[in-house]
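The values are calculated or read from the model by the stated rules, or taken from the named source; none is laboratory data. The model shown is predicted, which means the values in this text are computed figures rather than measured ones. Positions of Cβ are generated from backbone atoms using ideal geometry, with glycine treated the same way; all protein chains shown enter the neighbour counts. Remember, those area values only see protein heavy atoms, side chains included, never the ligands or the DNA or RNA. Shrake-Rupley method; radii C 1.70, N 1.55, O 1.52, S 1.80 Å.
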Amino acid sequence: MYKNDQKYVYIRTFGCQMNEHDSRKIILILKELGFESTDEPENAQLILFNTCTIREKAHHKAISQIGRTTIYKERDPNTIIGVCGCVAQQDKESLFDKYPHLDLVFGPDQINKLPELLDHAQRKKRGLSVELVNTPEEYTFLDQLPEEVAPASSSFVSIMKGCNCACSYCIVPSVRGKEVCRSPEEIVAEIDQLAKLGNREAVLLGQNVNAYHSKRSNSSTKDVTFAKLIRLISDETGIDRIRFTSPHPKDVGEDLILEYGQNEKLCPHIHLPLQSGANETLKRMRRGYTRERYIEIVRGLRKASPDISITTDLIVGFCGESDADFQMTFELMEEVEFDSIFAFKYSPRPGTFAYEQLPDDVEKVVKEERLEKILALQRLISMKKNEALIGKDVEALVYSLDRMNRGLLTGRMPDNRIIHFSGNPDLIGDIVPVRVTAAHKNSLAGEMIG
Ligand code: SF4
């Protein structure tokens, strides 16, 4: 029910979990300023687009929606309209030229400036803040906890921001800045509070999460690597499950692999973006590892944790990718047998090394053929792997009611698979024993045990 004097914010989020997490932070800040969030832009006094520019499609989607917001301004000239996230960081003040009805443009590192920017906009002055913050002294991790935590089961916890890598196709370093790591104390404190408030799982968030490296202010173990951080969280908080996204193969060390074998709270799943199975392509992508090293990591992980599920990202049709290079990717998939993949056709992004220096020379039709070929292979592999789990008893963390409204519950298994089963909605937030009864391409079906 909309109250006359209540201020409402509508925020539309595009892109990755980092953006989802940032939008939650924005809502928390705005709550302090008296805003409630709404899903209906027509009822909002503040309309924000938290945007993504990782691929052309995502960029266009955001831009076309921003263009359509003039109607709200015509309806009420006091409506404030703003753009944040990666398109704001990339296009900066030029967005005001393209969309004169915009009031706010702020980058991912400037979310804490929102109260000030809003104040500007309410006094009919445009708000622009797009500096990248690259030092821990200056960067503020805005991870406030809401007073009450919905009986959610899982929460994202950002442990670092930015990326120091230079993958030739990737725009992230230029829109998210350098890596800044959050103090281990802050991370442990937040996760411990989340656990006390009923959360069972923490998902550690970072663009290149396993490059995490920080110092403890008050303890002998000064140097805290990513593996050590996971160990600290397990030992010093009441959380049941730990996950993380997104790691980089070049930063997977023996300590992290061993942690999978020794830490029961660390869920047996890793999403490890490979991108290509050909060394020549990996070199042009500036990924910093070889196919041999990647396979070695996979073998180490499976030795440490035999039931681990390994998923990945793949790009087909990257600059200079020959049929033989593509075949290397295809054969690596056959050898490794990923549990699932996200696959994309190469999309040149302005502002990246590849866009400026490497020819986008793989024809569109060839990119499509290669994409279809690896998706077809993965469908077979995923089905085979899911079918092998039928009859197995698993511990599912109940996330929510099933989105397809079939009156089922949606649970997440330790290996990150989704399983649907019937049960009482009061079980949301609980870890329950389930027997797998059927397999589908991207999920499983089950029945509760006992
Ligand atoms: S690791 Fe590479 S692909 Fe990932 S965010 Fe950094 S530059 Fe981009």
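Points to keep in mind about this one:
- Checked against (1) under 30 Å from Gly320 (Cβ atoms); (2) more than 16 Å from the ligand (Cβ to nearest atom), Leu118 passes all but a single condition, namely (1).
- For Thr237, the test of being touching a residue at least 24 places away in the same chain (Cβ under 8 Å), open to solvent by less than 20 Å² (accessible area, probe 1.4 Å), more than 16 Å from the ligand (Cβ to nearest atom) and hydroxyl-bearing (Ser, Thr, Tyr) is passed.
- Residues in the stretch 256-277 include at least one that is open to solvent by 10 Å² or more (accessible area, probe 1.4 Å), within 16 Å of the ligand (Cβ to nearest atom), assigned to a strand (DSSP E or B) and polar (S, T, N, Q).
- Selected residue [hydroxyl-bearing (Ser, Thr, Tyr) and closer than 24 Å to Gly253 by Cα] from Ser309, Ser347: Ser309
- Hits in the stretch 166-196 - residues which are among the hydrophobic types (A, V, I, L, M, F, W, C) and assigned to a helix (DSSP H, G or I): Val172, Val175, Ile187, Val188, Ala189, Ile191, Leu194, Ala195
- Elements of the type helices (runs of 4 or more DSSP H) sitting completely within the stretch 18-91 and holding at least 1 residues that are aromatic (Phe, Trp, Tyr): these cover 70-75.
Yes/no per residue for (1) of a type in the set (Gly, Ala, Ser); (2) modelled with pLDDT under 95; (3) in the same structural domain as Asn416 (by TED's automatic domain parsing):
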position: Phe330; (1), (2), (3): no, no, no
position: Glu337; (1), (2), (3): no, no, no
position: Phe342; (1), (2), (3): no, no, no
position: Pro348; (1), (2), (3): no, yes, no
position: Asp361; (1), (2), (3): no, no, no
position: Lys373; (1), (2), (3): no, no, no
position: Leu380; (1), (2), (3): no, no, no
position: Ala388; (1), (2), (3): yes, no, no
position: Leu401; (1), (2), (3): no, yes, yes
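- Total residues in the stretch 288-319 satisfying the condition of being more than 24 Å from the chain's Cα centre (by Cα), surrounded by fewer than 18 Cβ atoms within 10 Å (Cβ to Cβ) and over 17 Å from Leu256 (Cα atoms): the figure is 2.
- Checking Leu444 against (1) closer than 20 Å to Glu337 by Cα; (2) under 24 Å from the mean Cα position of the chain (by Cα); (3) open to solvent by 80 Å² or more (accessible area, probe 1.4 Å), the condition it does not meet: (3)
- For the stretch 353-363, the count of residues that are in contact with a Leu (Cβ under 8 Å, 6 or more places away or on another chain) and either farther than 30 Å from Ile418 by Cα or of a type outside the set (Gly, Ala, Ser) (or both) is zero.
- Residue check, Pro247 touching a helix residue (DSSP H, G or I) at 6+ places or on another chain (Cβ under 6 Å) and in a loop (DSSP other than H, G, I, E, B): yes
- Count of residues meeting criterion [within 15 Å of Thr225 (Cα to Cα) and either surrounded by fewer than 21 Cβ atoms within 10 Å (Cβ to Cβ) or within 10 Å of the ligand (Cβ to nearest atom) (or both)] in the stretch 187-208: 3
- Residue list for the stretch 1-36, restricted to those being closer than 30 Å to Ser174 by Cα and among the polar types (S, T, N, Q): Thr13, Gln17, Asn19, Ser23
- Flag if Leu132 is touching an Asp or Glu at 6+ places or on another chain (Cβ under 7 Å), outside any helix (DSSP H, G or I) and within 16 Å of the ligand (Cβ to nearest atom): yes
- Within the stretch 152-186, tally of residues that are modelled with pLDDT under 90 and either buried (at least 17 other Cβ atoms within 10 Å of the Cβ) or aromatic (Phe, Trp, Tyr) (or both): 1
- Only listed residue being part of a helix (DSSP H, G or I) and open to solvent by 40 Å² or more (accessible area, probe 1.4 Å), chosen from Asp97, Asp109: Asp97
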